[in-house]
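Everything on this sheet refers to the single structure shown next.
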Amino acid sequence: MSTTLSTPFHTALLPGLQERPGDDPIFQLNAEAQRRAQAGETVVNATLGALMDDEGTLCVLPSVAEAIAKVDKARAAAYAPIAGPPAFLDAVMKDTFGDSELCAISTAVATPGGTGAIYMATNAFLEPGQAMLCPDFFWGPYKTIANHTRRAVETFRMFDEEGRFDLRSFEEGLAAQVARQGRAFVIFNFPCNNPTGYSLNEAEWEAVTDIVARQGKRAPIAFLIDLAYARFGAPGSEAWIGHMERINRVAQVLVAWSASKAFAQYGARVGALVAVHTEDDHRARLRNAFSFASRGTWSNCNHLGMLAVTDLLTDATLAPKVIAEREELRALLDRRVDAFNAAAQGRDIRYPRYEGGFFVSVFTPNPQKTAEVMREQGVFVVPIQGAVRVAICSTQTSGIARLVEALDAGVRAAEAE
């Protein structure tokens, strides 16, 4: 029997959604690299933001597997509270701020990973049609989130001519948003920015704090720290906390907390949005707004994951064990960072200060050409605006020298056009 309709079928999908891409370009490149490797080619795959060991296997923390196995199955199977289990939220806030005064004046809600926290904050602190503000080197899904929620992304120049954080451009961008929107929502993915690996130093944080203080007198500002890679920063990278104590006096401080990188649990989708405010009643408003939004989107989050992460953050045996295991992964990554910096010496490649983190970005006048030349050599990186993103996290230490050689060749080819 024919199922052909007698009248034309008109799609119900909104016109603005009909031409959206179905897959992330990074995952497409990763799939190509994997296909070529499976066909017998020796490739260097520096595309995916997941920490691999030097045999090319995804790093897993044994203590995390132990914590997951210990969770009572009946508890894990039950619905989690909409905002997340209170013990989980308390542990997250303590993990975020440590002994800082901010911990006592924070509230939080569980989210599906750091992505969920950014999604929730975008909806809570911007009206439709308004724009978030972030550096021009930013994690691509910020734009996806903004587009999906009918907001936008505006950027300021991240680096000046000397390769330092461009404070003047940041203040100009923030002042323009305050004037035009009557509010601003800033996202800083520091320490260890994705895609550049850059972390602000003490002087840069001081200047950023002064800028937010000046503009915060003119209009409401929400200032979000995307903490995804912070546990892999160089020593001293936690200095951002002290500056948030100052910013909290003039702006709404937010933190997107995630277990994905810190616990090597990318698939568990455990995260939280943390918000700071000195007034009890306003913290209650924030908490209620976030919980309402949770119910209207994902309803509640991965109960098994949150219970396990709570134990990893609080249990007297598990907590020190997971910290020690993470330090081993950090040491592995630091060796690759050192190897990259050493191999890049004397090469015709430029990149920002790189002291730790999953990624580094190498500047090029033609990112597509650079990435194409590198793929011809069996080396995969991700072309972005003005650079190629290199996932040191997924590059075996033995492949760093080949990676840098291919980068040098790719940049030279782009400059020769």
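The values are calculated or read from the model by the stated rules, or taken from the named source; none is laboratory data. Predicted model only: the values in this text are computed from it and were never measured. Because the Cβ atoms are built from the backbone with ideal geometry, glycine has one as well, and the counts that use them run over all protein chains shown. Heavy atoms of the whole protein, side chains included, go into the accessibility calculation; ligands, DNA and RNA do not. Shrake-Rupley method; radii C 1.70, N 1.55, O 1.52, S 1.80 Å.
Condition check: of a type in the set (Lys, Arg) and surrounded by 19 or more Cβ atoms within 10 Å (Cβ to Cβ). Does ARG151 satisfy that?
Numbers: of a type in the set (Lys, Arg): yes; surrounded by 19 or more Cβ atoms within 10 Å (Cβ to Cβ): yes.
Criteria met by ARG151.
Cβ-Cβ under 8 Å, sequence separation 6+ or interchain: first residue in region 364-379 and more than 15 Å from THR47 (Cβ to Cβ), partner open to solvent by 20 Å² or more (accessible area, probe 1.4 Å) and not in a helix (DSSP H, G or I). Which pairs?
Hits for this filter: THR364/GLY386; PRO365/GLU417; ASN366/GLU417; LYS369/GLU417.
Would you check if GLY163 is surrounded by fewer than 22 Cβ atoms within 10 Å (Cβ to Cβ), within 21 Å of the chain's Cα centre (by Cα) and not basic (Lys, Arg)? Full working, then the answer.
Working: surrounded by fewer than 22 Cβ atoms within 10 Å (Cβ to Cβ): yes; within 21 Å of the chain's Cα centre (by Cα): no; not basic (Lys, Arg): yes.
It is false that GLY163 is surrounded by fewer than 22 Cβ atoms within 10 Å (Cβ to Cβ), within 21 Å of the chain's Cα centre (by Cα) and not basic (Lys, Arg).
Which count do you get for residues in region 335-347 that are out of contact with any Asp or Glu (no Cβ under 9 Å at 6 or more places or on another chain) and either modelled with pLDDT under 95 or within 24 Å of MET93 (Cα to Cα) (or both)?
Total meeting the criteria: 2.
Return the residue satisfying two criteria in turn: it lies in region 84-104 and is under 30 Å from GLY197 (Cα atoms), part of a helix (DSSP H, G or I) and out of contact with any strand residue (DSSP E or B) (no Cβ under 8 Å at 6 or more places or on another chain), and of such residues it is least open to solvent (accessible area, probe 1.4 Å).
Narrowing region 84-104 to residues under 30 Å from GLY197 (Cα atoms): 88-103.
Imposing the further condition that a residue be part of a helix (DSSP H, G or I) reduces the set to 88-97, 101-103.
Cutting the leftovers down to out of contact with any strand residue (DSSP E or B) (no Cβ under 8 Å at 6 or more places or on another chain) gives us 90-91, 94, 101, 103.
On the way: ASP90: 92, ALA91: 10, LYS94: 100, GLU101: 108, CYS103: 35 Å².
If we take residues in region 84-104 being under 30 Å from GLY197 (Cα atoms), part of a helix (DSSP H, G or I) and out of contact with any strand residue (DSSP E or B) (no Cβ under 8 Å at 6 or more places or on another chain), then ALA91 is least open to solvent (accessible area, probe 1.4 Å).
Go through the residues of region 113-123 one by one and say whether even a single one is farther than 23 Å from LEU307 by Cα, surrounded by fewer than 22 Cβ atoms within 10 Å (Cβ to Cβ) and of a type in the set (A, V, I, L, M, F, W, C).
For region 113-123, residues farther than 23 Å from LEU307 by Cα, surrounded by fewer than 22 Cβ atoms within 10 Å (Cβ to Cβ) and of a type in the set (A, V, I, L, M, F, W, C): absent.
Please work out which one of (1) within 22 Å of VAL71 (Cα to Cα); (2) out of contact with any helix residue (DSSP H, G or I) (no Cβ under 9 Å at 6 or more places or on another chain) is the condition ARG287 fails and give its number.
Here ARG287 clears every test but (1).
Which residue pairs have Cβ atoms closer than 7 Å, lie 6 or more positions apart in sequence or on different chains, and pair a first residue in region 132-144 that is in contact (Cβ under 8 Å) with a residue 60 or more places away in the chain with a second residue that is of a type in the set (Lys, Arg)?
What qualifies is ASP136/ARG157.
I'm checking my understanding of the structure. Among residues of region 178-197 that are part of a loop (DSSP other than H, G, I, E, B) and open to solvent by 10 Å² or more (accessible area, probe 1.4 Å), which one is farthest from VAL250 (Cα to Cα)? Walk me through how you get there before you give the answer.
Just the residues of region 178-197 that are part of a loop (DSSP other than H, G, I, E, B), to begin with: 182-183, 189-197.
Of the ones still in play, those that are also open to solvent by 10 Å² or more (accessible area, probe 1.4 Å) are 182-183.
Working: GLY182: 15, ARG183: 13 Å.
Only one residue fits best here, namely GLY182.
For region 380-408, give me each residue that is assigned to a helix (DSSP H, G or I), touching a helix residue (DSSP H, G or I) at 6+ places or on another chain (Cβ under 6 Å) and open to solvent by 10 Å² or more (accessible area, probe 1.4 Å).
THR397, ALA401
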